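What follows draws every value from the coordinates through simple rules; no lab data is involved. Computed from a predicted structure; not experimentally measured. For neighbour counting, all protein chains shown are included, and Cβ atoms are generated from backbone atoms with ideal geometry for every residue, glycine included.
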Amino acid sequence: MVRPMSDAAVETASLVNRMITESRRRLENHPVNVKRRAEGKLPANSLWPWSPGKRPRMETFESMYGVKGAVISAVDLIKGLAVYAGMDVISVEGATGLYDTNYEGKADACLEALKSHDFVYVHVEAPDEAGTTGTSTSKSSASRTSTGGWFSASSKALIKRKSGRWWPFCPTIPRRSHSASTRATPFPWPCAGPA
């Protein structure tokens with residue numbers, strides 16, 4: 001349960017603890033859980049608030065560097081950081097954050113965004129998600145799929161496009177997978193530069 005760290009937090013901690021306790025009772029027979037049990041799935045049985053904090057104070061990317069940016073990602077953390085950095089968050093239909101994401105849609109959205117932004121950060125989560133399985137095979141497969149899907153769509157468009165803007169593609173930088181059973185291997189980090 002939540003422990004207050006100061007006298008000012010006692011009431012908030014009490015409310016959060018009451019919500020956690022009450023959520024168990026309310027979720028027990030919730031229609032979603034009734035359906036999940038009927039399908040042989042585990043039910044949601046409690047609400048647990050995670051990682052409380054306060055909004056950081058930070059300058060926008062544009063005020064610091066004089067360039068306007070956008071982000072394309074299916075990952076809430078990346079989108080949240082973009083919001084705090086004053087960048088536009090662009091949603092792409094079919095962007096899942098998994099190996100089956102809409103790579104072509106991300107490429108198209110990036111090219112469209114470059115008409116009104118100085119740079120676009122496109123986040124591809126598939127290799128990192130595959131790494132959570134703990135097998136280098138799935139991570140390698142996701143890496144090949146993501147770079148293949150991304151570049152088959154975007155490189156053709158880049159060849160046709162004449163622009164003096166940089167267009168970086170930044171996948172997860174080389175590091176170990178979430179499981180220690182796989183070893184760190186290099187991952188491509190290509191960039192397209194000014195025409």
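A few remarks follow.
- Per-residue Karplus couplings for segment 57-62, computed as 6.51 cos²θ - 1.76 cosθ + 1.60 with θ equal to phi - 60°, are listed in order as 9, 8, 6, 6, 4, 5 Hz, Gly and Pro entered as x.
- When peptides 39-50, 58-69 are ranked by their average number of other Cβ atoms within 10 Å per residue, the highest-first order is 58-69, 39-50.
- Taking a point 7 Å from the Cα of residue 115 along the Cα-to-Cβ direction, the residues of segment 61-76 with backbone N closer than 20 Å to it are 68-73.
- Rounded to whole numbers, the Karplus 3J(HN,Hα) couplings from phi for segment 111-116 are 4, 5, 5, 5, 6, 10 Hz, using 6.51 cos²θ - 1.76 cosθ + 1.60 with θ = phi - 60°, and x at Gly and Pro.
- Residue ranges 22-33, 94-105 sort as 94-105, 22-33 when ordered by packing (mean number of other C-beta atoms within 10 Å per residue, highest first).
- Cβ crowding within 10 Å, taken as a proxy for footprinting-reagent exposure, orders 14, 73 from fewest neighbours to most as 14, 73.
- Here each label is just a point 7 Å from Cα along the line to Cβ, and for residue 68 and residue 37 those points are 5.4 nm apart.
- Per-residue Cβ neighbour counts within 10 Å put 90, 20 in the sequence 20, 90, beginning with the fewest.
- Lys pairs, segment 1-116 - Cα-Cα below 27 angstrom, 8 or more residues apart or on other chains: 8
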